[in-house]
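Only one structure is covered here, and it is reproduced in the block below.
The values are calculated or read from the model by the stated rules, or taken from the named source; none is laboratory data. This is a predicted model, so every value here is computed, not measured. All Cβ positions, glycine included, derive from the backbone under ideal geometry; neighbour counts span all protein chains shown.
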Amino acid sequence: MAASRDDVTASNGHIPHAPPPLTLPDHLIEEILQWLPAKNLLRLCCVCKSWKSLISDPYFAKNQLRGSRKATRLVLCFKNASHDFIIQSYPFPKVLNAVNVSGTKFIFGTFDWMVGSCDGILCFTVKNNPEFLVLWNPCIGKFNILPPWDTQQREGSYSICGFGYDSSTRTYKVVGGFSYEYDCGYQSIEAKVLTLGTHTWTRIREFPSVLPLQYEPGKFVSGTVNWLLAHTASVSWVIVSLDFRNDSCEEVLQPDYGEEAVGPLSLLVFRDCLCILSRTDMFLDVWLMKDFKNKESWTKLFRVPDMQNYGFCIYPDALCISEDEKILFGYRGYM
Amino acid sequence: MAEETESTKTEPLKTAEEEFKKLEITEEEESELKLETSDHVTFMVEASIAMKFGAVQQYLEVSPAASASATAIPLHNVASRELILILEYYRMHDWVDAGERDLKEFDERFLKDLNYEELKELLLAANYLNVEKLFNFLTKSIANIIRNKDVEFVRTFFGIDNDYTPEEEAAYREENAWAGVKFV
């Protein structure tokens with residue numbers, strides 16, 4: 001012990017001191033640790049029991065997260081058709097420059113579909129066990145299996161899902177739902193919410209009778225999960241927003257697109273605001289709602305020429321927008 | 001040609017002199033506060049800097065007379081050695097002409113001159129004085145020192161005794177082994 005103490009002082013180029021090292025009060029330790037990344041912190045739980053309880057405290061985690069807000073973007077890529085996937089951290093400009101990046105790689109064998117992500121935690125379902133949802137924090141390499149769904153997905157039914165944080169109760173929540181046929185081919189969605197740490201899926205009352213035309217995880221913004229759904233009869237788009245504070249649904253009004261919108265809309269999140277990608281004959285417009293649930297605050301962020309003219313035959317997806325307002329599009333490729 | 005070089009030589013000298021005069025004036029105008037450290041050393045400190053210390057502000061709120069009088073404001077938990085360092089830091093960071101690079105170089109040198117014990121003592125002083133900028137700088141710097149160091153180093157650094165049993169510690173390290181998790 002004494003030898004290593006000498007090492008500490010000697011490594012700083014000073015003469016070793018005889019007196020024992022100065023100890024700092026807990027609140028100063030907390031302030032210091034808050035600057036460290038999660039993977040460092042996990043290891044430091046081994047220092048002593050009080051450090052472990054400090055680091056495992058949800059309040060500490062939340063503050064630490066706030067301090068590291070400007071973190072890297074995680075990109076999930078599938079290696080092959082069997083859905084083995086890797087996750088890599090990509091600082092945004094590097095994605096655009098397409099240079100090699102070093103990232104921590106994890107391999108799961110049996111990812112099925114994505115439920116959502118929030119604060120760097122991923123929520124997804126597992127193959128062969130569709131009733132189970134898994135939470136995974138790739139940064140610290142820990143995962144958690146959630147209580148099973150009590151609803152089975154029927155063949156051919158639509159599904160919705162989402163994952164987010166409820167700041168009023170300081171808990172993470174997962175929402176999922178499947179469509180069911182209620183009248184001569186008409187379908188509606190039955191959605192349920194699970195609060196992390198509890199074991200029951202609670203049914204959301206009065207989920208509007210609209211359906212997702214394609215599977216896309218809900219977008220988490222301002223304590224709500226948002227989906228772009230459609231009235232099947234008229235194919236008119238509706239943004240349905242589930243507020244985690246009271247687990248109730250509401251429609252979010254869309255901007256006045258101005259021109260005849262063609263093709264599907266897409267939802268995305270940028271600067272913690274909800275965005276819509278709309279398509280006209282010639283252009284793609286990106287709309288941003290500065291003030292959540294305030295229709296007047298929709299502003300057209302930018303307009304890009306539609307890339308269908310460049311020989312692409314399918315609609316591009318906006319993957320993300322950088323702080324300097326560069327937008328990254330992705331095309332789904334089919335073999 | 002010769003005249004020209006002559007004039008360009010004198011030109012900056014003149015401005016430097018003017019600058020100096022200006023500085024003298026501002027120094028005269030600048031009010032000062034008397035601070036007394038725990039080892040009973042008194043310091044005359046520019047009010048603009050002393051007022052950045054939360055502890056000084058708080059003292060003056062309670063006894064506003066101290067700002068004008070000759071009474072020294074006591075800093076019970078700060079020794080003269082720490083106060084000198086804190087003033088050095090704030091004078092540099094307050095200096096209007098200091099560029100980003102100057103400050104970076106200053107910060108690096110400032111840290112290099114401190115051993116780990118002095119660094120912790122300075123953090124305690126900064127915490128007592130309630131000086132946000134230096135406090136954040138110090139906590140961040142200590143975090144950088146322990147970043148990626150092993151657990152043993154961290155314990156020694158903070159003088160912490162390991163209260164885990166060897167079995168508990170082994171189990172914990174096992175649990176957090178840094179590896180990919182395979183799902184079945």
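A few points about this structure:
- Among (1) in contact (Cβ under 8 Å) with a residue 24 or more places away in the chain; (2) more than 10 Å from chain A (Cβ to nearest Cβ), the one test that residue B:124 misses: (2)
- 2 or more residues at pLDDT 65 or above and surrounded by 12 or more Cβ atoms within 10 Å (Cβ to Cβ): qualifying helices (runs of 4 or more DSSP H) within the range A:21-107: A:26-33, A:38-44, A:49-56, A:58-67
- Filter pass, residue B:82 being within 14 Å of another protein chain (Cβ to nearest Cβ) and under 27 Å from residue B:145 (Cβ atoms): yes
- Which numbered condition residue B:163 fails, given (1) in contact with a Ser or Thr (Cβ under 9 Å, 6 or more places away or on another chain); (2) more than 9 Å from chain A (Cβ to nearest Cβ): (2)
- Residue match in the range A:235-253 (condition: free of Cβ contacts under 8 Å to residues at least 24 places away in the same chain and either under 18 Å from residue A:209 (Cβ atoms) or among the aliphatic types (A, V, I, L, M) (or both)): yes
- In the range A:42-68, the residues that are closer than 18 Å to residue B:158 by Cβ form Cβ pairs under 6 Å with partners that are of a type in the set (Val, Ile, Thr) and assigned to a helix (DSSP H, G or I), at six or more places apart or across chains, as follows: A:45/A:55; A:46/B:151; A:47/B:151; A:47/B:154.
- Restricting the range A:273-314 to residues that are touching a Lys or Arg at 6+ places or on another chain (Cβ under 7 Å) and part of a loop (DSSP other than H, G, I, E, B), the residue that is modelled with the highest pLDDT: A:306
- Single residue of the range B:166-183 satisfying the filter (within 7 Å of chain A (Cβ to nearest Cβ) and within 29 Å of residue B:139 (Cα to Cα)) that is modelled with the highest pLDDT: B:169
- Looking only at the range B:94-110, and only at residues there that are surrounded by fewer than 17 Cβ atoms within 10 Å (Cβ to Cβ) and in contact (Cβ under 8 Å) with a residue 12 or more places away in the chain, the one that is nearest to the other protein chains (Cβ to nearest Cβ): B:107
- Answer residue from the range B:113-168, given it is outside any helix (DSSP H, G or I) and among the aliphatic types (A, V, I, L, M) and is farthest from the chain's Cα centre (by Cα) among those: B:160
- Within the range A:181-194, the set of residues being over 21 Å from residue A:221 (Cβ atoms) and either exposed (fewer than 14 other Cβ atoms within 10 Å of the Cβ) or small (Gly, Ala, Ser) (or both) comprises A:181, A:182, A:183, A:184, A:185, A:186, A:188.
- Number of positions in the range B:121-163 that are closer than 16 Å to residue A:42 by Cα and either touching a Phe, Trp or Tyr at 6+ places or on another chain (Cβ under 7 Å) or buried (at least 18 other Cβ atoms within 10 Å of the Cβ) (or both): 5
To keep it simple, each residue is scored yes or no on (1) under 20 Å from residue A:250 (Cα atoms); (2) surrounded by 14 or more Cβ atoms within 10 Å (Cβ to Cβ).
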site: A:157; (1), (2): no, yes
site: A:170; (1), (2): no, no
site: A:179; (1), (2): yes, yes
site: A:196; (1), (2): no, yes
site: A:206; (1), (2): yes, no
site: A:211; (1), (2): yes, yes
site: A:227; (1), (2): yes, yes
